[in-house]
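Input: a single structure, listed below in structure tokens.
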Amino acid sequence: MPSINENRRFLKTYFSDLDGITTDSKKGLPKPSAEKNWSENYVLIDLPEPDPKIIKNDSLYNSFKNRRSVRKYAEQALSLSELSYLLWASNGVNQRGEGGIVKRTTPSGGASYSIESYIIVQNVDGLERGVYNYLPIENKLVFIKKIENISDIIDSFMLDSKQPFLPYFARKAAAIFVWTTIPYRSEYRFDIMAHKKILIDVGHICQNLYIACEGIDAGCCAIGVYEQDVVDKLLQVDGKDEFTVYLAAAGKK
């Protein structure tokens with residue numbers, strides 16, 4: 001069992017620990033892909049291009065001023081264009097360069113982009129209830145599986161008895177954003193110093209989601225208390241080379 005002091009050290013940065021370590025990047029090994037490769041057995045769904053016309057509140061000042069964790073959602077669905085905008089704003093591509101180089105709307109240490117975005121869809125126009133993976137480079141969704149009893153599934157991983165404010169709020173959200181990490185994408189360059197950077201990266205992503213929600217009269221609430229193994233199994237990730245690190249519920253206010 002890690003001690004408090006060990007976990008506090010994790011929050012610090014000691015790059016001297018890398019002395020004597022030859023990272024896979026320095027070895028010249030192939031850089032891991034920044035996007036998952038799915039087999040042809042999965043259905044791909046084209047997303048609308050991000051459209052500034054859907055933004056109702058375009059004051060960045062007001063978005064920061066009004067930002068709150070929202071745990072009560074209207075029954076109104078998110079449109080597919082709104083979901084596309086939220087995905088793009090939180091972890092999408094905003095610049096493409098020569099040689100296939102892309103930049104994202106959120107920073108990532110060493111441009112490692114170890115974070116994957118999944119969506120548990122409950123109430124989005126044009127999408128079945130179920131689990132999806134976001135492909136930011138292609139601007140598509142991968143339909144992973146349909147879920148009939150989706151509210152019960154959400155309750156099973158939310159640990160609502162430990163939620164201090166409003167238990168069972170996530171089952172009312174239009175969508176739940178789930179962020180996993182594929183840690184090797186960062187370990188490739190930073191080895192044992194990668195893991196703090198991974199959590200910093202996902203923090204950037206979630207904050208962008210908060211601000212983007214404000215622009216479309218939606219709200220979100222970050223979720224750090226969840227049943228790890230249940231969420232990983234739902235997403236069909238192995239819990240070792242890819243695993244959940246953060247969630248956020250989102251929906252119309």
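Taking the criterion of being within 14 Å of Ser108 (Cβ to Cβ), surrounded by 21 or more Cβ atoms within 10 Å (Cβ to Cβ) and touching a helix residue (DSSP H, G or I) at 6+ places or on another chain (Cβ under 6 Å), the residues of the stretch 191-219 that qualify are Ala194, Ile198, Ile205. Here Val237 meets the list (1) assigned to a loop (DSSP other than H, G, I, E, B); (2) surrounded by fewer than 19 Cβ atoms within 10 Å (Cβ to Cβ); (3) within 16 Å of the chain's Cα centre (by Cα); (4) not aromatic (Phe, Trp, Tyr) almost entirely, failing just condition (2). Say whether the condition of being buried (at least 16 other Cβ atoms within 10 Å of the Cβ), touching a Gly at 6+ places or on another chain (Cβ under 9 Å) and among the β-branched types (Val, Ile, Thr) is met by at least one residue in the stretch 151-161. No: zero hits. The residues on offer are Phe177, Phe143, Phe157, Phe169, and the sole one that is touching a Cys at 6+ places or on another chain (Cβ under 8 Å), farther than 18 Å from Tyr85 by Cβ and in contact (Cβ under 8 Å) with a residue 60 or more places away in the chain is Phe169. Which one of Leu159, Leu127, Leu141, Leu78 is under 16 Å from the mean Cα position of the chain (by Cα) and of a type outside the set (Phe, Trp, Tyr)? Only one candidate passes the filter, namely Leu141.
Scanning the stretch 158-197 for residues that are at pLDDT below 95 and of a type in the set (Phe, Trp, Tyr) yields Phe165, Tyr168, Phe169. Please verify whether the stretch 1-11 includes one or more residues that are exposed (fewer than 13 other Cβ atoms within 10 Å of the Cβ), charged (D, E, K, R) and in a loop (DSSP other than H, G, I, E, B). For the stretch 1-11, residues exposed (fewer than 13 other Cβ atoms within 10 Å of the Cβ), charged (D, E, K, R) and in a loop (DSSP other than H, G, I, E, B): absent.
Taken over the stretch 210-229, the criterion of being in a loop (DSSP other than H, G, I, E, B) and either without any contact (Cβ under 8 Å) to a residue 60 or more places away in the chain or under 20 Å from Ala74 (Cβ atoms) (or both) is satisfied by Ile216, Asp217, Gly224. Only one entry in Asn57, Asn62, Asn37, Asn91 is in contact with a helix residue (DSSP H, G or I) (Cβ under 8 Å, 6 or more places away or on another chain) and within 26 Å of Val142 (Cα to Cα), namely Asn91.
Table: residues versus (1) surrounded by fewer than 21 Cβ atoms within 10 Å (Cβ to Cβ); (2) closer than 22 Å to His204 by Cα.
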site	(1), (2)
Leu29	yes, no
Pro32	yes, yes
Pro48	yes, no
Glu82	no, yes
Glu98	yes, no
Gly109	yes, yes
Ser117	no, yes
Asp125	yes, no
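Answer yes if at least one residue in the stretch 154-172 is more than 26 Å from Pro50 (Cβ to Cβ) and among the β-branched types (Val, Ile, Thr), and no otherwise. Checked the stretch 154-172: at least one residue is more than 26 Å from Pro50 (Cβ to Cβ) and among the β-branched types (Val, Ile, Thr).
Within the stretch 146-204, the residues that satisfy the criterion of being part of a helix (DSSP H, G or I) and hydroxyl-bearing (Ser, Thr, Tyr) are Ser151, Ser156, Ser161, Tyr184, Ser186, Tyr188.
The values are calculated or read from the model by the stated rules, or taken from the named source; none is laboratory data. From a predicted model like this one, the values you see are computed outputs, not experimental measurements. Please note: Cβ atoms are built from the backbone with ideal geometry, for glycine as well, and neighbour counts cover all protein chains shown.
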